[in-house]
Structures are given as C-alpha cells and as structure tokens.
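Take a look at the structure below.
Nothing in this text is a laboratory measurement; each read-out follows from the coordinates by a stated rule. What you see is a predicted model, and the numbers here were worked out from it, not measured in a lab. Virtual Cβ from ideal backbone geometry, glycine too; neighbours counted across all protein chains shown.
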Amino acid sequence: MRINNNMSAREVRRFVERNIGRRVDVDLIGGVDLEGVILSAGVTTFRLRIRRRGRNIVRRIAYASVREISLDRD
C-alpha cells in the first residue's frame, strides 16, 4: 500500500502506452497542470502535444515526474 497518492512511474507508463493518441490531463509533481494529446511512449519519457496560443508544442515528460494522469472528459 502506498502512503502518498502519487502514481508510480510503472503505472504512468502503462496508462500512457494504452492511451496513445488520446487527450489527457497531466498533473506534474512540481504543481504544473498540462492538457494535451499523447504522441508517443518511450522507455523513461513520453511526448505530449500541447496547444498554446494557436500553436502546437511537443513536450517530453518523464514518467517519474507525473503525480496524476487521466483521460480528458470534456
């Protein structure tokens, strides 16, 4: 049983691999909240396409830096 409510890197990786191409909400450990589409999943990181000011930005995120990730239900 985990004491904190952060997801483990293994849980995040499994979620990302199952949901490539889908829109997700990502909460990072540093308090940043991101919303975007999962582009690819690597060994230690995944790529997220984020829409900012009318442009697409691709951000590489480490599995270990994710506190919570869920499908976007908008």
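Highest first, please rank the peptides 64-71, 26-33 by the mean number of other Cβ atoms sitting within 10 Å of their residues.
64-71, 26-33
Between I20 and N6, with labels modelled 7 Å along Cα→Cβ, what's the label distance in nm to one decimal, could you check?
2.7
Only helical DSSP H runs with n ≥ 4 go in: add -39500 (n - 2.57) per run for the chain, normalise by residue count and round the 222 nm mean residue ellipticity to 500 deg cm²/dmol.
-4000 deg cm²/dmol
Tell me which label goes with the value of Cα extents along the principal axes in Å computed from the coordinates here: (i) 35, 23, 22; (ii) 42, 23, 21; (iii) 30, 22, 18.
(ii)
Quick check: the angle from helix 9-18's long axis to the longest principal axis of the chain, C-alpha only, nearest 10 degrees?
That works out to roughly 40 degrees.
Could you give the dipole magnitude of the chain about its Cα centre, charging the beta-carbon of Lys and Arg +1 and that of Asp and Glu -1, in debye to the nearest 20?
340
Spin-label point model (7 Å from Cα, Cβ direction): what's the R52 to D72 distance in nm?
About 1.5 nm separates the two model spin labels.
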